[in-house]
1. Take residue 125 and tell me if it is touching a Pro at 6+ places or on another chain (Cβ under 8 Å), closer than 25 Å to residue 46 by Cβ, of a type outside the set (Phe, Trp, Tyr) and open to solvent by 10 Å² or more (accessible area, probe 1.4 Å).
2. Between 175, 132, which is basic (Lys, Arg), open to solvent by 60 Å² or more (accessible area, probe 1.4 Å) and either at pLDDT 95 or above or outside any strand (DSSP E or B) (or both)?
3. Report, by residue number, each residue of segment 152-178 that is among the aliphatic types (A, V, I, L, M) and under 18 Å from the mean Cα position of the chain (by Cα).
4. Filter segment 68-104 down to residues that are among the small types (Gly, Ala, Ser) and within 14 Å of the ligand (Cβ to nearest atom) and give me whichever is farthest from the chain's Cα centre (by Cα).
5. Which of the residues that make up segment 36-55 are in a loop (DSSP other than H, G, I, E, B) and either away from the ligand (no atom under 14 Å from the Cβ) or of a type in the set (Ser, Thr, Tyr) (or both)?
6. Test of understanding: among 29, 3, which residue is surrounded by fewer than 19 Cβ atoms within 10 Å (Cβ to Cβ), more than 14 Å from residue 149 (Cα to Cα) and modelled with pLDDT under 95?
7. So, in segment 91-122, of the ones that are without any contact (Cβ under 8 Å) to a residue 40 or more places away in the chain and surrounded by fewer than 17 Cβ atoms within 10 Å (Cβ to Cβ), which residue ends up nearest to residue 164 (Cα to Cα)?
Amino acid sequence: MPVLPVLDIGAPDLRVCAERVPEDSISSVEVQQHIDSLVDTMRSVNGSGLAATQVGIHLQICVMEVTHNPRYPYKPSFPLTVMINPTWEPVGSDTYSNFEGCLSVPNLRGRVKRYRRIQVQYLDRKGVSHSKLLVGLRAGTVQHELDHLQGLLFTDRVEDKSSMTTWANFEAFHKENWLSEIAEVIQEEKELRTPSDS
Ligand code: ZN
């Protein structure tokens with residue numbers, strides 16, 4: 001499938017709320033091709049997630065995958081997951097400070113408060129329904145991607161604007177401190193991994 005251009009911040013399409021995918025159209029050639037394009041596009045730019053909104057498709061579809069990603073070497077791996085019509089709710093009230101980047105916000109990262117544990121519901125590309133408990137960075141990724149489907153970017157949620165940094169300065173000045181700050185969160189996430197994830 002074609003690799004699609006990813007829209008940059010400022011593109012009006014990024015602010016559009018995506019529509020639900022009618023369940024009887026999930027198996028259609030059109031929707032299946034959108035999914036393949038999203039996966040190919042995400043992989044071509046080493047993204048850990050991509051929402052359809054980011055390529056100007058206004059349907060509630062996002063894809064996620066982390067396998068030794070050079071953009072995010074500290075992220076626990078995350079098998080390819082396609083989420084259609086996803087919804088989530090927090091499990092408990094614990095939050096953590098995630099240092100997020102986005103393919104639609106080139107060369108910027110910033111701190112965003114995310115729920116540490118969430119329950120996410122979605123349909124996969126075969127239309128099968130799933131409900132999963134996710135913690136830590138995976139939970140953060142899902143919250144980030146589902147924000148896109150509502151027309152939101154992580155920059156909208158950065159409370160402390162002074163945390164905004166280029167990727168090079170994140171590596172040089174912030175990464176080490178942040179990783180030690182969230183060590184417990186990553187540990188809990190690793191412990192929750194199921195055998196099917198690896
Ligand atoms: Zn993003």
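The values are calculated or read from the model by the stated rules, or taken from the named source; none is laboratory data. Predicted, not measured: the structure shown is a model, and the values here were computed from it. Ideal geometry is used to build each Cβ from the backbone, glycine not excepted, and the neighbour counts take in all protein chains shown. Please note that ligands, DNA and RNA were not included when accessible areas were found on the heavy atoms of the full protein model with its side chains. Shrake-Rupley method; radii C 1.70, N 1.55, O 1.52, S 1.80 Å.
1. Values: touching a Pro at 6+ places or on another chain (Cβ under 8 Å): no; closer than 25 Å to residue 46 by Cβ: yes; of a type outside the set (Phe, Trp, Tyr): yes; open to solvent by 10 Å² or more (accessible area, probe 1.4 Å): yes.
It is false that residue 125 is touching a Pro at 6+ places or on another chain (Cβ under 8 Å), closer than 25 Å to residue 46 by Cβ, of a type outside the set (Phe, Trp, Tyr) and open to solvent by 10 Å² or more (accessible area, probe 1.4 Å).
2. Working: 175 fails: open to solvent by 60 Å² or more (accessible area, probe 1.4 Å).
Selected residue: 132, the only one of 175, 132 that is basic (Lys, Arg), open to solvent by 60 Å² or more (accessible area, probe 1.4 Å) and either at pLDDT 95 or above or outside any strand (DSSP E or B) (or both).
3. Our first condition is that a residue be among the aliphatic types (A, V, I, L, M); within segment 152-178, this holds for 152-153, 158, 164, 168, 172.
Matches in segment 152-178: 152, 153, 158.
4. Step one: list which residues in segment 68-104 are among the small types (Gly, Ala, Ser), which gives 77, 92-93, 97, 101, 104.
Pick out the ones that are also within 14 Å of the ligand (Cβ to nearest atom) and you get 101, 104.
Working: 101: 10, 104: 12 Å.
Top of the filtered list is 104.
5. Passing the criteria: only 48.
6. Working: 29 fails: modelled with pLDDT under 95.
Of 29, 3, the one residue that is surrounded by fewer than 19 Cβ atoms within 10 Å (Cβ to Cβ), more than 14 Å from residue 149 (Cα to Cα) and modelled with pLDDT under 95 is 3.
7. Of everything passing the filter in segment 91-122, 95 is nearest to residue 164 (Cα to Cα).
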